[in-house]
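The block underneath contains the structure these notes are about, expressed in structure tokens.
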Amino acid sequence: MSCLETIQAYGLRSIGIGERLLPKADFTLCQQFTLIGSGLIWNIYFAVLALMIGFFLANAVALGKSARAPWLRRPANWFILVFRGSPLFIQFFLAYFIFLRLKQAGALPWLTSAQAGALLVLVLNTAAYSAEIFYGALRSVPKGEVEAADAYGMTGWTRFTRVIWPTSMRLAWPAYTNEAIFLFHATTLVFFSGFPAWQQRGDALYYANYFADKTFNPFVAYPIVAFYFICLTLVITGIFGLVNKRLNRHLPQEKRARIKLRPQYIR
Amino acid sequence: MGLYWSFLTVLALLAITAPTALLFGFGGATAARSHVAPLRWLGKSYIAIVRGVPDIIFFLFFVIAIDQGLEWARHQILCPDWTEAIRQGNDFRVCPAAKLPLSTAPQWVHEVYGFATAVVTFAIVFGAFAANVLYGAMQAVPLGQLETAGAYGMSRRQTFWRVLVPQMWIYALPGLSNLWMILIKATPLLFLLGVEDIVYWARELGGSKMARFSDYPHGDWRLWYFLGLLVFYLGFTKISEAVLERITKRLSRGQATIGAGT
């Protein structure tokens, strides 16, 4: 099989298009690159959706945490504590068994699949981490800006949407970039926890692990995943850097906050 | 019984890994600011590998890589006249004398060996993180202090040990305490390395038991076991947070940082 044929057969294997059977022996480099690359579709799917949904949830939670009313503040605090204080790995397991129970009880059966269930866990997890970031940013909005808004006669919602929130986003953005990168890395955990890979449709690490198990040789498959992830991390940094530029476009060049990679490693 | 042992396994892993990783980190950070170029490159690239790659890949990679590396080295030493290739297609074959642990070894040796590779793996990965933190901390020590030490006639080595090292800890502490939290939260990954840890036992014991095979038949309890684990980790991080807070207060006495006040 030539490399082009391999790509046609396995390029979309992870979403169930193409050859049914995975290669069994005598893996070529091309096969490994193609299959692991096709697994990457799931990593991107999880990361993009979780970030997009989690962003809104995180803003809501951050607002809740900074609210004065205890009935808003307490739940937000607990939410953040639970999801930041426990390993994501355990959260996946726990969530899977909860969803399994629900399925047995006849409710929401689709949550046991990784596509929906793991996504939900990732959304909640990233919402908790980002909420902490946004909360910190909300608290460090310069007082002068708020006072200026007051002086202009802005109050309540207008003041929030026009002054406080944009500034807090500006402040939070570098930290949020890191959160995005590490959420992306965390997506590799999905198929190693409770969630099963249906019909061997897994993510990049799932296929890399498949190859490493079959060949008992970690020196090919894992570096390939690492390569893919480094490339995509650069892409994320690029996109978030563009947004950062746009957020800070009114500031003089030297005052703009640079995004510094400060890895948070594992969650 | 296994479940309780596995909690001890996790605690032992933390107790052994944390100092080892710190040692690795110290080495890495020292290498990264060395004046010998190859050493500096080595240290810098050691720190750099943690960026951009999910750590779970390192975990999966190093465990096999260490195992195979050791067996390969022993093979070269112990069986010099072995002619067959080591990598035969999908197999990794070394001579029987080079196997690690030896196939005749009792069960506990196998378990200890598995645990040891896990510890080394954790130490390598977290050592890189710690190196990053310590490197930053070393840069944060005011340059004037080092120059003063030089002016007093201290050699580079003396300056390093007497001025830089004692002072860097306070700068390193926030990063290191963050790292400790991360280390706690990384321990469930032991399960992926093939050690029978709490995740393993929670899955085993929690799975449904039939009356025919077990004295205590019950349904699927995995939910409750994992809930227990979640609470265990929550409590653990909460306690660590409190302890680290106290250490920070203690260490920042007499330091010109914000944490020192009040």
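The values are calculated or read from the model by the stated rules, or taken from the named source; none is laboratory data. Just so we're clear, the structure is a prediction, and the values are computed from it rather than from any experiment. All Cβ positions, even for glycine, are placed from backbone atoms using ideal geometry, and neighbour counts span all protein chains on display. Calculation scope for accessible area: heavy atoms of the full protein, side chains included, ligands and nucleic acids excluded. Shrake-Rupley method; radii C 1.70, N 1.55, O 1.52, S 1.80 Å.
Dipole size in debye (nearest 20) for chain A around its Cα centre, Lys and Arg Cβ +1, Asp and Glu Cβ -1?
With only Lys, Arg, Asp and Glu charged at Cβ, the dipole is about 880 debye.
Order B:His110, A:His185, B:His35, most accessible first, counting only protein heavy atoms with a 1.4 angstrom probe.
Sorted by accessible area, descending: B:His35, B:His110, A:His185.
Given a Förster radius of 41 Å and the C-beta distance between A:Gln8 and B:Arg253 as r, what FRET efficiency does 1/(1 + (r/R0)^6) yield to the nearest 0.05?
Efficiency at R0 = 41 Å is approximately 0.05.
Using each residue's phi in region B:159-172, evaluate 6.51 cos²θ - 1.76 cosθ + 1.60 at θ = phi - 60° and report the 3J(HN,Hα) Karplus result to the nearest Hz, with x for Gly and Pro.
4, 4, 7, 8, 10, 5, 4, x, 8, 6, 4, 5, 6, 7
Protein chains only, probe 1.4 Å: how do A:Asp150, B:Asp55 rank by accessible area, largest first?
Putting A:Asp150, B:Asp55 in descending order of accessible area: A:Asp150, B:Asp55.
Per residue, how big is the convex hull of region A:1-68 when only Cα atoms are used? Give it in Å³.
So the per-residue Cα hull volume is 100 Å³.
Just to be sure I understand: with springs between alpha-carbon atoms less than 10 Å apart, which residue in A:Ala204, A:Ala149, A:Ala116 has the highest mean-square fluctuation in the Gaussian network model of chain A?
A:Ala149
With the convex hull built on the Cα atoms of the protein assembly as shown, state its orientation-averaged projected area in nm².
Reported value for the Cα convex hull: 32.9 nm².
May I ask for the equivalent-ellipsoid semi-axes of region A:85-144, computed as the square root of five times each C-alpha gyration tensor eigenvalue and listed largest first in whole Å?
Its equivalent ellipsoid spans semi-axes of 33, 11, 8 Å.
From the backbone phi of region A:202-211, what are the Karplus-calculated ³J(HN,Hα) couplings (6.51 cos²θ - 1.76 cosθ + 1.60, θ = phi - 60°) in whole Hz, Gly and Pro given as x?
Going residue by residue, I get x, 8, 4, 5, 4, 5, 4, 5, 4, 5 Hz, with x marking Gly and Pro.
Output the 0 to 90 degree angle, nearest 10, between the alpha-carbon long axis of helix A:29-66 and the longest principal axis computed from the alpha carbons of chain A.
That works out to roughly 20 degrees.
log10 I(q)/I(0), Debye, Cα-only chain A, no solvent, q = 0.09, 0.13, 0.15, 0.16 Å⁻¹?
-0.51, -0.92, -1.12, -1.21
Residue by residue, what Karplus-based ³J(HN,Hα) values in Hz, rounded to whole numbers, does region A:136-144 have, using 6.51, -1.76 and 1.60 with θ = phi - 60° and x for Gly and Pro?
Whole-Hz 3J(HN,Hα) from phi for region A:136-144: x, 5, 4, 6, 9, 5, x, 4, x.
Can you check what the net charge comes to around A:Leu100, using other residues whose Cβ is under 13 Å from the Cβ of A:Leu100 (Lys, Arg +1; Asp, Glu -1)?
Local charge sum for A:Leu100: +3.
Compute and list, largest first, the equivalent-ellipsoid semi-axes of region A:149-197 from the alpha carbon gyration tensor, each √(5λ) rounded to a whole angstrom.
40, 12, 5
Of A:Asn43, A:Leu29, A:Thr237, which is farthest along the charge dipole of chain A in the positive direction, counting Lys and Arg as +1 and Asp and Glu as -1 at C-beta?
A:Thr237
Compare the Cα positions of A:Ala62, A:Ala212, A:Leu119 along the charge dipole of region A:3-255 (+1 at Cβ of Lys, Arg; -1 at Cβ of Asp, Glu; about the Cα centre) and return the one farthest towards the positive end.
A:Ala62
Ranked by accessible surface with a 1.4 Å probe, highest first, in what order do B:Ile49, A:Ile80, A:Ile239 come?
My answer, sorted largest first, is A:Ile239, B:Ile49, A:Ile80.
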